[in-house]
1. Given the protein assembly as shown, what percent of its DSSP beta bridges are antiparallel, to the nearest 5?
2. Rounded to whole Å and ordered largest first, report the semi-axes of the equivalent ellipsoid of the protein assembly as shown derived from its Cα gyration tensor (root of 5λ).
3. What list of whole percents do you get for P(r) of the range B:1-143, with Cα-Cα distances grouped in 5 Å bins up to the one holding the largest distance?
4. Explain nothing, just the number: relative contact order of chain C, from Cα pairs under 8 Å at least 6 residues apart, as a whole percent.
5. Evaluate peptide B:47-59: per residue, the Cβ atoms of other protein chains within 10 Å of its Cβ; return the mean as an integer.
6. Helix D:90-101: angle to the longest alpha-carbon principal axis of chain D, degrees 0 to 90, nearest 10?
7. With runs of 4+ DSSP H residues as the only contributors, calculate the mean residue ellipticity of chain B at 222 nm using -39,500 (n - 2.57) per run, divided by the residue total and rounded to the nearest 500.
8. Please find the FRET efficiency linking residue B:210 to residue C:238, where r is the Cβ-Cβ separation and R0 is fixed at 25 Å, and quote it to the nearest 0.05.
Amino acid sequence: MQMISDFIAMGGYGRFIWTAYGTAAIVLIGLLIISLRELRTTTAEVEALEANSPRRRRTHTGDEDAAT
Amino acid sequence: MVKSRQLGQVAVTMRFFGENLSCIRGERLVFSELDFAIEPGAALVLTGSNGSGKTSLLRVMAGLTRPSAGQLGWQDGPITDDPETHHSRLHYVGHLDALKPVLSVRENLATWSHLHGGPDKKITSALKKLRLEGFENIPGRYLSAGQRRRLSLARLVASDAPLWLLDEPTIALDAPSVDAVRSLIAEHRRNGGMAVIATNVDLGIADTSELNLLDFAAANEDIWEGVT
Amino acid sequence: MIQQYANPARFNRLAKTLMPWFAWPAGILIVTGLYFALFNSPPDYQQGDTVRIMYVHVPAAWMALFVYTSMAISSAVGLIWKHPLAHLSAQAAAPIGACFTFICLLTGSLWGKPMWGTWWVWDARLTSVLILFFLYLGFMALHNAFDDPARGERSAAILAIIGFINVPIIKFSVDWWNTLHQPASVVKMSGPAIHSSMLYPLFMMAIGFTLYFGALLLLRMKTLMLVRRACGMSMAQLHQQAAE
Amino acid sequence: MKALTLILGREIRLALRQIGDSAIIVLFFVLAAVLFPFGVGPEPNMLARMAPGGVWVTALLAAMLSFERLFTPDYEDGSLEQLALGPAPLEMVALAKAAAHWLTTGLPLMIAAPLIAVLYRLPDAGYGALLITMALGTPTISLIGTIGAALTLGSRRGGVLLSLLVIPLIVPVLIFGTAAIDAAIGGFPVRQHLMLMGGFLLGALVLTPLATAAALCQALE
């Protein structure tokens with residue numbers, strides 16, 4: 001038990017070291033999570049856009065347009 | 001090919017052409033594989049529905065917009081070699097009138113014609129051709145839309161340039177002014193000049209070749225196509 | 001698909017294959033690096049345990065400079081050869097670089113408090129890194145200040161190239177001015193002035209951060225490509241309706 | 001070269017017609033500078049100690065105000081397109097714009113600066129250095145400001161964004177400007193600070209037109 005509390009104390013500088021590591025971890029992991037969430041929402045958006053104008057229907061209107 | 005400038009006569013008589021041009025606007029391919037060529041004395045009319053790329057093509061010809069592919073050139077070489085010479089060979093009249101409300105009509109025209117090396121005495125004759133004589137000292141802010149448009153067109157005659165790039169020149173113009181513009185273009189072509197006119201309205205100009213932007217539309221392909 | 005422009009599909013496949021090779025090694029290296037940094041390396045004879053902050057501060061500083069340099073290079077490539085993927089990689093890298101710079105500044109000041117007795121000192125190295133942070137924020141702010149994304153990326157690219165002058169200033173600030181900040185002690189002509197037991201965790205963390213940057217860059221670039229694709233598709237449909 | 005004088009002449013004529021704009025800038029400079037004594041208190045040697053920084057920072061902020069109006073009016077009414085299509089290269093246009101901005105804003109600020117320094121009870125030794133550093137600094141600020149103005153042309157919140165971009169680039173000029181005045185007051189040699197500021201000016205004179213021209217090209221595309 002004593003060993004762990006020594007380790008936490010870090011020779012009296014514990015709060016500096018742990019805040020440093022803590023904020024670094026929060027920033028890096030936070031950025032990762034935000035990026036992953038952004039990817040998910042954008043893929044959903046592209047799929048939605050693709051759904052309401054599937055390739056087949058688009059070329060169809062394309063031909064019609066060229067004919068007129 | 002006489003390249004020196006002769007007073008009153010359009011000296012630079014050369015072909016202007018573009019090969020395999022394509023242009024992207026707002027993530028969308030506006031037109032692709034577009035070729036054109038204009039001979040001295042000729043006029044090219046650009047037609048096509050709104051958003052088909054008429055203005056984009058004019059800006060590419062003027063060198064304002066860099067084409068995504070292909071190149072433009074005169075007979076003595078591509079425009080990218082010497083942009084300044086290319087710019088000195090053309091007048092571009094876009095939708096915006098380049099007019100300062102604080103400056104008078106004469107001062108406005110003088111700034112642009114002096115920049116292109118136009119002599120002072122041609123300013124009054126330019127204003128007369130566009131039916132703006134007597135407006136010399138009126139500050140720009142009092143002009144109506146049609147008058148502003150005519151002042152913008154006066155730049156064409158105030159200093160010489162073989163190639164005219166006109167983007168809907170007859171908007172907001174009354175009938176006599178449209179006739180004045182038509183005769184200006186005809187006289188310019190007689191002097192060996194060239195004109196490219198983007199318009200949706202029939203200008204009634206004799207023997208022009210036509211280029212419909214829709215023939216070069218890229219079937220709605222966006223450049224980020226393959227990303228899934 | 002227009003071949004001579006960017007080839008997003010090919011890049012997309014490449015990113016899919018490369019991603020695991022960046023992500024997993026990054027995780028492993030950072031975890032082992034942390035283990036060595038916190039448990040297995042000796043405290044400094046003068047600074048005691050505060051030296052452990054070095055294992056986060058120094059790699060973050062290296063990454064801040066490395067990411068900005070990669071942004072400046074890809075911006076230059078984007079502008080000169082009009083290559084849209086290059087602009088995308090700069091846009092994707094900016095937030096990552098900003099986070100690394102923020103970590104570098106924060107851990108630096110947390111290390112400065114016990115060692116120099118103050119959170120912040122107007123020292124050449126610290127000031128120039130602060131300016132680097134503002135340059136990152138300026139790049140991101142300028143990037144989405146325009147309605148047309150293509151316009152935003154090009155003008156931000158110019159800022160990235162102009163701001164690059166700051167990177168050598170940061171690198172050599174410790175040599176030009178007598179700064180409180182420690183001069184270079186790892187990458188030196190005479191070899192590193194740090195004992196190997198401290199050097200290994202440092203390199204592990206540095207490589208781990210670089211791989212983390214690589215993986216996140218690929219991920220963010222894919223998102224940005226999808227955003228552009230959505231923008232292109234909606235524009236195309238708009239004109240499709242207009243043509244009908 | 002003729003084109004440079006033509007464009008410069010146009011800019012100055014435009015500025016003279018709207019002389020109110022640069023007058024407002026100088027007025028803001030005076031007002032902002034006067035605020036400090038209210039905030040910090042009228043105690044003489046505190047003010048004297050703060051004079052170089054106070055004058056320089058407020059002069060910088062005053063110059064910052066006028067950058068946004070540098071290209072935007074021309075961009076909106078189409079004059080910028082015509083300038084770009086003129087026979088002169090865009091770098092020339094950028095240089096002419098920066099010179100016009102310095103004449104209409106930098107110079108008035110330089111003239112007003114000693115008056116403000118009197119309000120701050122700047123020691124007599126400092127006035128010479130103040131004028132020289134302003135003479136070297138304000139053109140650099142104008143040059144770097146044109147880059148910011150060109151970069152943020154057509155953006156939504158142009159003004160604020162412009163300051164965010166320009167301030168980091170102008171920090172060195174501010175540091176050595178104030179350091180030179182402090183050195184002069186303290187009787188120390190001023191030469192090295194002025195040499196560095198001269199270096200910044202020459203560097204800016206050569207490099208900024210390139211960056212501004214590139215930014216203007218993007219804006220016109």
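What follows draws every value from the coordinates through simple rules; no lab data is involved. Quantities reported herein were computed from a predicted structural model and do not represent experimental measurements. Note that each Cβ is placed from the backbone with ideal geometry, even for glycine, and that neighbours are counted across all protein chains shown.
1. 50
2. 53, 38, 19
3. Binned Cα distances yield the sequence 2, 8, 15, 18, 16, 15, 13, 10, 4, 0.
4. Across chain C, relative contact order equals 32 percent.
5. 1
6. 40
7. Here the helix-only value at 222 nm equals -8500 deg cm²/dmol.
8. Efficiency at R0 = 25 Å is approximately 0.45.
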